[in-house]
1. Can you tell me how many residues in segment 145-203 are among the hydrophobic types (A, V, I, L, M, F, W, C) and within 18 Å of VAL227 (Cβ to Cβ)?
2. Enumerate the strands (runs of 3 or more DSSP E) found wholly within segment 99-202, keeping only those where 3 or more residues are more than 26 Å from VAL40 (Cα to Cα) and open to solvent by 50 Å² or more (accessible area, probe 1.4 Å).
3. When you go through VAL4, VAL17 one by one, which is the residue that is touching a helix residue (DSSP H, G or I) at 6+ places or on another chain (Cβ under 9 Å), farther than 20 Å from GLU217 by Cβ and not charged (D, E, K, R)?
4. Residues that are in contact with a strand residue (DSSP E or B) (Cβ under 7 Å, 6 or more places away or on another chain) and closer than 16 Å to SER231 by Cβ: does segment 1-11 have at least one?
5. Could you tell me how many of the residues in segment 207-216 are at pLDDT 95 or above and either open to solvent by 20 Å² or more (accessible area, probe 1.4 Å) or out of contact with any strand residue (DSSP E or B) (no Cβ under 9 Å at 6 or more places or on another chain) (or both)?
Amino acid sequence: MASVAAAEGAAAALRSVLSRAHQAAARAGRAPGSVRVVAVSKTKPLPVIRGVYDAGHRCFGENYVQELIDKAPQLPEDIEWHFIGNLQSNKAKALLAGVPNLDMVESVDDEKIANRLDRVVADLGRKPLKILVQVNTSGEESKFGVEPSGCVQLAKHVKLNCPNLVFSGLMTIGMLDYSSTPENFKTLANCRKEVCKELGIPEEQCELSMGMSADFEQAIEMGSTNVRVGSTIFGAREYPKKN
């Protein structure tokens, strides 16, 4: 019964998040459909994820390779999975082979992982994989991502040298001190301007993945097209207790 209640609670929370996202888009003069909400389900049990799926949602995100490989086969095939955590090159094949419905990797932060993903997609014969270039907009050593000054070079490498990848935009994780996050968002928006100018593509074809539970509305108002919302939908994360 507890899992049923948790699933119903998550479904209700999802509806609230979608409504808030649509309102934020409207305040920015954008259409409701211009924002994708990625429901970040890491550490959450299958029945709760299924409750959000049954509420009509199809886009989910996970941070850990093994957790996603374990979950994906037990859930409907029409889920569009986003991998949003740091991805090591030696785990790329397991991820892509184990999750045929992986729609996007949001966390490509150097040429090595881009090249590895490109080769694995080719080897598996799967359709081209959408990727985002992760940018470290806060300058924190604890955060992954290419420096803002390197985002154009990495995006260009993906676009020109990785035929099995689809460069789809940029991603960042803002500071935990959300008073400073607007600067992180502005930095990513500026990166998009530079990347689009260099690659000769319209800005509306380059996604911005920024904003999480605490700040997704502000992120949308500042141009985000993709927000990653976990705890506001699913509640606090449930890490296993250590012995």
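The values are calculated or read from the model by the stated rules, or taken from the named source; none is laboratory data. These numbers were taken from a predicted model, which means no experiment stands behind them. Glycine also receives a Cβ, built like all others from the backbone with ideal geometry; neighbour counts cover every protein chain displayed. Quick note on the areas: whole protein, heavy atoms, side chains included, nothing else; ligands and nucleic acids left out. Shrake-Rupley method; radii C 1.70, N 1.55, O 1.52, S 1.80 Å.
1. Total satisfying the criteria: 9.
2. Those strands (runs of 3 or more DSSP E) do not exist here; none qualify.
3. Values: VAL17 fails: farther than 20 Å from GLU217 by Cβ.
None of the others qualify; the one that does is VAL4.
4. Here is the first cut: in segment 1-11, the residues in contact with a strand residue (DSSP E or B) (Cβ under 7 Å, 6 or more places away or on another chain) are none.
Checked segment 1-11: no residue is in contact with a strand residue (DSSP E or B) (Cβ under 7 Å, 6 or more places away or on another chain) and closer than 16 Å to SER231 by Cβ.
5. The qualifying residues number 1.
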